[in-house]
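Trainee: The structure under discussion is supplied below as structure tokens; questions concerning it will follow.
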2 protein chains.
Amino acid sequence: METGANGFTVAAVTIKDQPRFAWRGLLIDVGRHFIPLDVLKRNLDGMAAVKMNVLHLHLSDDQGFRVESKRFPKLQELGSDGLYYTQDEIRDLVSYAHDRGIRVLPEFDTPGHSGSWFVGYPELASNPGPFKVDPEAPDSVTDPTREGTYKFLDKLIGEMAKLFPDAYFHIGGDEVNGQHWDKNPKIQAFIHAHGMKNNQDLQAYFNQRLEKILAKHHKIMVGWDEILHPELPKTIVIQSWRGQESLAAAAKQGYSGLLSFGYYIDLMWPAARHYAVDPMSGAAATLGPTEKSRILGGEACMWTEWVTPEILDSRVWPRTAAIAERLWSPQETQDLNSMYARLEQLNWRLDWLGLTHRTGRFQMLHRMTGTDDISALRTLADVVEPVKDYARMDSVKGPWDFRAPLNHLVDAVSPESDAARHFGAQVQAYLQSGSKDQTAETQIRALLTTWRDNDRKLHPILDESFLLHEVAPLSEDLSALGVAGLQALDYFDKSEPAPESWRKQQLALVDRAKGPKANLLLMVVAPVEQLIESSAGQIPKS
Amino acid sequence: METGANGFTVAAVTIKDQPRFAWRGLLIDVGRHFIPLDVLKRNLDGMAAVKMNVLHLHLSDDQGFRVESKRFPKLQELGSDGLYYTQDEIRDLVSYAHDRGIRVLPEFDTPGHSGSWFVGYPELASNPGPFKVDPEAPDSVTDPTREGTYKFLDKLIGEMAKLFPDAYFHIGGDEVNGQHWDKNPKIQAFIHAHGMKNNQDLQAYFNQRLEKILAKHHKIMVGWDEILHPELPKTIVIQSWRGQESLAAAAKQGYSGLLSFGYYIDLMWPAARHYAVDPMSGAAATLGPTEKSRILGGEACMWTEWVTPEILDSRVWPRTAAIAERLWSPQETQDLNSMYARLEQLNWRLDWLGLTHRTGRFQMLHRMTGTDDISALRTLADVVEPVKDYARMDSVKGPWDFRAPLNHLVDAVSPESDAARHFGAQVQAYLQSGSKDQTAETQIRALLTTWRDNDRKLHPILDESFLLHEVAPLSEDLSALGVAGLQALDYFDKSEPAPESWRKQQLALVDRAKGPKANLLLMVVAPVEQLIESSAGQIPKS
């Protein structure tokens, strides 16, 4: 629906459309950081808007067990910080999702990633404990050799199978830390007694037992790559965080699969990079038609080590829409400019659903500055992005603490800077015009001038806020890039090549500005570098 | 708490403080437009932030009965558009308020303003019906002569008295349309048979019966001015929408009272005007100490004829904070500059509570323009205010339709333009400096230039949106004022008085720009008029 000159309008067209993949999901990890019901609901609205149809909830991890169990109440009571969904809330959520054509897939990760289970039920663990939900507390994995483990799982899964009506049930199964099994002589004796070769065989045994329990409760098992094992029935579904190769290997063996490799939206990639990943590309491209039909779709994954309810929307949207389109539209639809044009339109329309991906950061900036005037900080925030992949986690000294406040600039900026992308495009247009495009030059100059002058305005604010001290070098770099870019334009205007000494000096600045600071990257370095290089080696004007 | 250079800081001070009035309320009319629970909750957070302690819910009116009654389910089922609070939701709300030190006062308005009751229970009405919730449907008031009415009220009040634990219970009692009683011969016969003089006596009889029912259910009766009658016990509380005079009159007769006259925030007054109204001023100032002690406090009133959930926050905040301060702080605290300085600080901090008074309008502007670029519309929106008092209602042709969408510019702008107030102050400073204040002149010129150039940018957008056609004359006026103001400054700069012919021409423009258009007022007309007048009669520079 559009706002038109004579009323709201709907184009009179016939749309023939259907999705390429039947499974178009978004995983939200509510284990690392609890995400309240209202935040989930507005994200369900967002999913419906981009025609996604599976909300996969990662409901338990070492940091929290997030669903009320009436059979085993110590799971949520001792295995969380008190933040979990009641069974009534889950029913409400499932019904809200169902009204929007969205299934809710529950995941209870086991035998690894299950530290929160052991606080209330230490007998499930492979080492004695005591356990608590604490970054410094001892780690463990489930003991698959005790019959009590399976009795417990049977009761828990029976309870949860009723609560979550979906036909599928996710048991995780990823990243099992074998050390705990290695160190337990009883477990090693079990492995030998049953003629198993190693821990992988033990996990396969565990998964077979688990699969029978799930089947008894009428559920189809879903798990991560690691559960793939020939002993398991072909009905199970493999969710691949490892890539199209393991997806293709599973399909060849007759297993259904989902792609999540390449769709990890916590890694702060630009939408274009996610958009380029296709479940049917790479190793999957070589499959035959029957094998291909086993690839059901994919899921964007919102892991929440660095995400709180305040931050979530800005990490999910709008980039997830690019993944949603990849899973819906033909594989041949690849044009990035066209994708970004649609994404920018969608981006502001998603506001209507109550999503805070565009507005939430302003509150965070206000908190950082301690004032109502956030304009200078916004100028900086608009052209930086969080560091990529696992660089932030790698920078943590000591164990990562999920209780630490996430209230720094890195938490408030968008994973993808539209301003930097547009600036890059303007510089391209200017240079391709042989520095003749006056409109582009005017716009570039205006931005460079704003950046040049910004540090003078921002510096006093940075001094006054302990949350912002760390971004002072970024602010200085941005202003220095503004100066360098303006000088480069001056050389263009004078139609004389920039001297080599100047060029070298500027490139040293560029090198310095490229490095991450405060877990942030300045995204306008590359286009300014292009201006510098071109001004030094330019063909004079006219 | 503040963001400081070394961490979050709290000033080490001892605060001795207590409220002047024990009753500091906010009425929200959920009858005219239903307001969902989450919107009420964030407004309770706002109330707690400014230390208000009574949420008065106007729960029923001609447009809707908004609480689930299990005894009389046709009240909410037929007497609303399906939007009402379940009893569970009311319990949740009362508990949420209680956690924040806020009482919830329920109001069920009777015998007037009760059209929604008659849809399901037409036997309560003074004329035969049939009734429906519809602007065109027949009007009525409750029939106080039937014993069945009191049996009904006894059961309903008994049910609601349990649901709302507060000691007080509001029965409305305002604006009873006597025509329906006049026209009903049975009611007139009842008046004569009981030796009553008129409809007022009949309402007093009704209120006495009602008061006994309330007392039976352990509730103290609260009602609007009209319920004041010597036959009623001194325990009741009069809420005055008429003014301090009727409040003082009640206090003299021994009745407790609350002031709401002057605190009607639907009238779009500036905060300063509400702030100047004191329950103890005017007629109340002449009362003795015992009489004064009967004035319990006051309530801001958010009537919702022109308010939907999307709009509510912007109508309540931040102006209600000024009323909250009036009811808390000494009567002598009157300085407006100081009040506004605090209000501006509070204004952005209220964002933290999830209130949308500052951000909600951007979504509305996006909807109006149908685009993401709302900058030109914001420039206009920032300097207009909705028309005042009942001017908007007066402009409605035919019966007011509560179902009409509220999606015009008047619905999206703030009741009080900060930008216009600041511009006015800058013009004052400039003129008082004898046109020598160069900083002020630069700022004034920048604003006038923005306005001058704005219509050119905005006009194409207005043409494209049926919601915005009506604001085209406002946009033209703003640009014309920008031109006029800049010319006035040019005369100052040239140190020559503006010619009389020019002055007359500009004042004609000013006259035109003063009138309301699209239910909006341009709030920068007066300062531009000052510039024009001063430039014509100025003392030349230096």
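Trainee: Taking every residue in A:372-380, how many Cβ atoms of other protein chains lie within 10 Å of its Cβ, on average?
Mentor: Working: counts 7, 1, 1, 0, 0, 0, 0, 0, 0.
Counting other chains' Cβ atoms within 10 Å and averaging over A:372-380 gives 1.
Trainee: May I pose another question? Would you kindly derive the ³J(HN,Hα) couplings of the range B:193-204 from the backbone phi angles with the Karplus curve 6.51 cos²θ - 1.76 cosθ + 1.60 (θ = phi - 60°), listing them in order in whole Hz, with x for Gly and Pro?
Mentor: In residue order, the calculated couplings are 4, 9, x, 7, 8, 6, 4, 4, 5, 5, 5, 5 Hz.
Trainee: Given N residues in chain B, what is Rg(Cα) / (2.2 N^0.38 Å)? Before the final figure, lay out each step's value.
Mentor: Values: Rg = 26.2 Å, N = 542, 2.2 N^0.38 = 24.1 Å.
Normalised by 2.2 N^0.38 Å, the Cα Rg of chain B equals 1.09.
Trainee: To confirm my reading of the symmetry, which residue of chain A has the Cβ nearest the axis that brings A onto B, and what whole-Å distance does it have?
Mentor: Minimum Cβ distance to the axis, with residue: A:THR359, 3.
Trainee: Taking N as the number of residues in the range A:497-537, what value does Rg over Cα atoms divided by 2.2 N^0.38 Å take?
Mentor: On the way: Rg = 11.1 Å, N = 41, 2.2 N^0.38 = 9.0 Å.
Against the compact-globule rule of thumb, the ratio is 1.23.
Trainee: Can you work out ³J(HN,Hα) from phi for every residue in the range B:375-392, in order, using Karplus 6.51 cos²θ - 1.76 cosθ + 1.60 and θ = phi - 60°, giving whole Hz and x for Gly and Pro?
Mentor: 4, 5, 5, 5, 4, 5, 4, 5, 10, 10, 9, x, 4, 9, 6, 9, 4, 5
Trainee: Ok, one more. Could you work out the Rg to Rh ratio of the range A:26-84, with Rh taken as the Kirkwood radius (inverse of the mean 1/r over all Cα pairs)? Before the final figure, lay out each step's value.
Mentor: Working: Rg = 12.7 Å, Rh = 12.1 Å.
We get a ratio of 1.05 for the range A:26-84.
Trainee: For the range B:316-359, I need the span (max minus min coordinate) of the C-alpha atoms along each principal axis, in Å, sorted largest to smallest.
Mentor: 34, 18, 13
Trainee: Follow-up. In nm to one decimal, list the spacings between the B:ASP437 label point and its equivalents in the other copies, with label points set 7 Å along Cα to Cβ, shortest first.
Mentor: Copy-to-copy label distances for B:ASP437: 4.5 nm.
Trainee: Quick query: amide H of A:ALA125 versus all other amide H atoms, modeled in the peptide plane; which residues come in under 5 Å with a sequence gap of 5 or more or a different chain?
Mentor: Here the answer is A:ASP143, since their amide H atoms fall under 5 Å of that of A:ALA125.
Trainee: Sort the range A:108-175 into rounded, prolate or oblate with this rule: let a ≥ b ≥ c be the square roots of the eigenvalues of the Cα gyration tensor; rounded if a/c is under 1.5, and if a/c is not under 1.5, prolate when a/b is larger than b/c, oblate otherwise. Write down the numbers at each step before the final one.
Mentor: Details: a/c = 2.05, a/b = 1.66, b/c = 1.24.
Because a/c hits 1.5 or more and a/b exceeds b/c, the range A:108-175 counts as prolate.
Trainee: Averaged over every viewing direction, what's the projected area of the C-alpha convex hull for the protein assembly as shown? Give it in nm², one decimal, please. Show your work: numbers first, answer last.
Mentor: Values: hull surface 216.1 nm².
Seen from a random direction, the Cα hull of the protein assembly as shown projects 54.0 nm² on average.
Trainee: On to the next question. Report in % the part of the accessible area of the protein assembly as shown that belongs to carbon and sulfur, leaving out ligands and nucleic acids; probe 1.4 Å. Provide the component values of the computation, followed by the final result.
Mentor: Numbers: 23870 of 43950 Å².
Carbon and sulfur: 54 percent of the exposed surface of the protein assembly as shown.
Trainee: Further question on the same structure: Calculated FRET efficiency, A:ALA215 and A:ASP463, Cβ-Cβ r, R0 56 Å, to nearest 0.05? Before the final figure, lay out the partial values.
Mentor: Working: r = 63 Å, r/R0 = 1.13.
FRET efficiency, A:ALA215 to A:ASP463: 0.35.
Trainee: What accessible area per residue, rounded to a whole number of Å², is obtained for the range A:345-390 using a probe radius of 1.4 Å? Show your work: numbers first, answer last.
Mentor: Values: 1630 Å² over 46 residues.
Ligands and nucleic acids excluded, the result is 35 Å² per residue.
Trainee: Would the range A:245-403 count as rounded, prolate or oblate if I go by the C-alpha gyration tensor, calling it rounded below 1.5 in a/c and otherwise prolate when a/b exceeds b/c, oblate otherwise?
Mentor: It comes out prolate by the Cα gyration axes.
Trainee: Beyond 15 Å, how much of the Cα-Cα pair distribution for the range B:140-226 remains, as a whole percent? List each step's numbers first, then the result.
Mentor: Values: 2216 of 3741 pairs.
Tail of the P(r) past 15 Å holds 59 percent of the pairs.
Trainee: Where Lys and Arg each count +1 and Asp and Glu each count -1, what net charge lies around A:PRO233 among other residues with Cβ under 15 Å from its Cβ? Don't skip to the answer; put the middle values down first.
Mentor: Working: positive: A:ARG209, A:LYS212, A:LYS216, A:LYS219, A:LYS234, A:ARG294; negative: A:GLU211, A:GLU231.
So the environment of A:PRO233 carries a net charge of +4.
Trainee: Still on this structure, I have one more. Counting each pair of different Cα atoms once, what's the Kirkwood radius of the range A:422-528 in Å, rounded to one decimal? Please report the intermediate quantities before stating the final value.
Mentor: On the way: mean 1/r = 0.0682 Å⁻¹.
About 14.7 Å for the range A:422-528.
Trainee: What number comes out for accessible area per residue over the range B:10-94 if the probe is 1.4 Å? Units Å², please.
Mentor: On the way: 3430 Å² over 85 residues.
That works out to 40 Å² per residue.
Trainee: One decimal, nm, shortest first: give the distances between the label point of B:GLU500 and those of the same position in the other copies, each label point 7 Å from Cα along Cα→Cβ.
Mentor: 7.6
Trainee: Decide, for the range B:1-108, between rounded, prolate and oblate: order the square roots of the alpha carbon gyration tensor eigenvalues as a ≥ b ≥ c, take rounded if a/c falls under 1.5, and otherwise choose prolate if a/b is larger than b/c, else oblate.
Mentor: Prolate is the answer for the range B:1-108, as a/c is 1.5 or above and a/b outweighs b/c.
Trainee: Could you tell me, in Å, what Rg and Dmax come out for the Cα atoms of the range A:10-57?
Mentor: Answer for the range A:10-57, Rg first and Dmax second: 14.3, 46 Å.
Trainee: Right, something else. Please report the relative contact order for chain B, taking Cα pairs under 8 Å with a sequence separation of at least 6, and give it as a percent rounded to a whole number.
Mentor: Details: 944 pairs, mean separation 64.4, N = 542.
Computed value for chain B: 12 percent relative contact order.
Trainee: Of the listed peptides B:51-59, B:190-198, B:381-389, what is their order by residue-averaged count of other C-beta atoms within 10 Å, with the highest listed first? Walk me through the intermediate numbers first.
Mentor: Working: B:51-59: 24.0, B:190-198: 12.1, B:381-389: 20.7.
Highest mean packing first, the order is B:51-59, B:381-389, B:190-198.
Trainee: Another one. Would you be so kind as to list the residues of the range B:1-19 that have their accessible area lowered by at least 30 Å² in the full protein complex compared with their chain by itself (1.4 Å probe)?
Mentor: B:THR3, B:ALA5, B:PHE8
Trainee: Restricting to DSSP H runs of at least four residues, report the calculated mean residue ellipticity at 222 nm for chain A, -39500 (n - 2.57) per run over all residues, nearest 500 deg cm²/dmol. Intermediate values should be presented prior to the final figure.
Mentor: Working: 23 runs with 252 residues, N = 542.
One gets -14000 deg cm²/dmol as the mean residue ellipticity at 222 nm.
Trainee: Quick one: net charge around A:GLN334, please, counting Lys, Arg +1 and Asp, Glu -1 for every other residue with C-beta under 15 Å from its C-beta.
Mentor: On the way: positive: A:ARG20, A:ARG273, A:ARG326, A:ARG342; negative: A:ASP278, A:GLU325, A:GLU332, A:ASP335.
The answer is 0.
Trainee: Once the other residues with Cβ under 13 Å from the Cβ of A:VAL427 are scored (Lys, Arg +1; Asp, Glu -1), what is the net sum? Each step should come with its number before you reach the end.
Mentor: Numbers: positive: A:ARG421, A:ARG445; negative: A:ASP437, A:GLU441, A:GLU529, A:GLU533.
Charge balance in the 13 Å sphere: -2.
Trainee: With a 1.4 Å probe on protein heavy atoms only, work out how much accessible surface B and A bury together, total over both chains, in Å² to the nearest 100.
Mentor: The contact between A and B buries close to 2200 Å².
Trainee: Which listed residue (A:PRO473, A:TRP502, A:HIS459) has the Cα farthest towards the positive end of the charge dipole for the range A:424-542, taking +1 on Lys and Arg C-beta and -1 on Asp and Glu C-beta about the Cα centre?
Mentor: Working it through, the farthest residue towards the positive pole turns out to be A:TRP502.
Trainee: Of the peptides B:514-522, B:459-467, B:86-94, how do they stack up when ordered by the mean number of other Cβ atoms within 10 Å, highest first?
Mentor: Numbers: B:514-522: 19.2, B:459-467: 17.1, B:86-94: 15.6.
Final packing ranking: B:514-522, B:459-467, B:86-94.
Trainee: Determine the dipole magnitude for the range A:388-542: charges of +1 sit on the beta-carbon of Lys and Arg, -1 on that of Asp and Glu, nothing else is charged, the reference point is the Cα centre, and the result goes in debye to the nearest 20.
Mentor: Working: 17 positive and 22 negative charges, 29 e Å.
Charge dipole of the range A:388-542: 140 debye, to the nearest 20.
Trainee: Would you mind getting the accessible area per residue of the range B:422-542, heavy atoms of the protein chains only, 1.4 Å probe, in Å²? Working shown, then result.
Mentor: Values: 5490 Å² over 121 residues.
Here the residues of the range B:422-542 average 45 Å² of exposed surface.
Trainee: In debye to the nearest 20, how big a dipole does chain B give about its Cα centre with +1 on each Lys and Arg Cβ and -1 on each Asp and Glu Cβ?
Mentor: So the dipole magnitude of chain B works out to roughly 1180 debye.
Trainee: From the phi of every residue in the range B:406-422, what ³J(HN,Hα) in whole Hz does the Karplus formula 6.51 cos²θ - 1.76 cosθ + 1.60 yield, where θ is phi - 60° and glycine or proline is x?
Mentor: Calculated HN-Hα couplings, in order: 9, 9, 9, 4, 4, 7, 9, 8, 6, x, 9, 7, 5, 4, 5, 5, 5 Hz.
Trainee: Taking a cut-off of 24 Å between Cα atoms, list the lysines near A:LYS16, but don't count ones fewer than 8 places away on the same chain.
Mentor: A:LYS51, A:LYS292
Trainee: Further, regarding this structure: Measuring from centroid to centroid over Cα atoms, what is the spacing of the range B:271-316 and the range A:73-144 in Å?
Mentor: 51 Å
Trainee: Could you work out the mean count of beta carbons from other protein chains within 10 Å of each residue's beta carbon in A:345-355? Please report the intermediate quantities before stating the final value.
Mentor: On the way: counts 2, 0, 1, 7, 3, 0, 6, 3, 0, 3, 0.
The shielding value for this peptide is 2.
Trainee: While we're looking at this one, here's another question. Mind listing the long-range amide H neighbours of A:ILE295? Cut-off is under 5 Å, sequence gap 5 or more, other chains count too, H placed in the peptide plane at 1.01 Å from N.
Mentor: Correct list: A:GLY257.
Trainee: Every other copy gets compared here: list the nm distances from the A:VAL13 label point (7 Å along Cα to Cβ) to its counterparts, shortest first, one decimal.
Mentor: 6.0
Trainee: Further question: List the lysines whose Cα lies under 19 Å from the Cα of B:LYS197, skipping any in the same chain that are fewer than 8 positions away.
Mentor: Within the straight-line limit of under 19 Å, B:LYS197 reaches these lysines: B:LYS183, B:LYS186.
Trainee: Just tell me which aspartates and glutamates come within less than 18 Å, Cα to Cα, of A:LYS494; anything on the same chain fewer than 8 places away is out.
Mentor: A:ASP437, A:GLU441, A:GLU533
Trainee: Cross-link list B:LYS457/B:LYS514; A:LYS132/A:LYS397; B:LYS162/B:LYS216: which exceed 19 angstrom alpha carbon to alpha carbon? Kindly include the intermediate steps, with their values, before the conclusion.
Mentor: Details: B:LYS457/B:LYS514 23 Å; A:LYS132/A:LYS397 21 Å; B:LYS162/B:LYS216 12 Å.
From the list (B:LYS457/B:LYS514; A:LYS132/A:LYS397; B:LYS162/B:LYS216), the Cα-Cα distance tops 19 Å for B:LYS457/B:LYS514; A:LYS132/A:LYS397.
Trainee: Averaged across B:464-475, how many Cβ atoms of other chains sit within 10 Å of each residue's Cβ atom? Write out the running numbers ahead of the final one.
Mentor: Numbers: counts 4, 7, 7, 5, 2, 2, 0, 0, 0, 0, 0, 0.
Per-residue shielding by partner chains comes out at 2.
Trainee: Oh, and also: Of the trypsin sites (Lys or Arg not before Pro) in the range A:393-454, which ones lie in a loop per DSSP and count no more than 13 other C-beta atoms within 10 Å?
Mentor: Details: sites: A:LYS397, A:ARG403, A:ARG421, A:LYS436, A:ARG445, A:ARG452; in loops: A:LYS397, A:ARG403, A:LYS436.
In loop regions of the range A:393-454 (DSSP not H, G, I, E or B), the sparsely surrounded trypsin sites (Lys or Arg not before Pro) are A:LYS397, A:ARG403, A:LYS436.
The values are calculated or read from the model by the stated rules, or taken from the named source; none is laboratory data. Because the structure is a prediction, the values reported are computed rather than measured. In this analysis, Cβ positions are derived from the backbone assuming ideal geometry, glycine residues included, and neighbour counts consider all displayed protein chains. The area values use the complete protein model at the heavy-atom level, side chains included, leaving out ligands, DNA and RNA. Shrake-Rupley method; radii C 1.70, N 1.55, O 1.52, S 1.80 Å.
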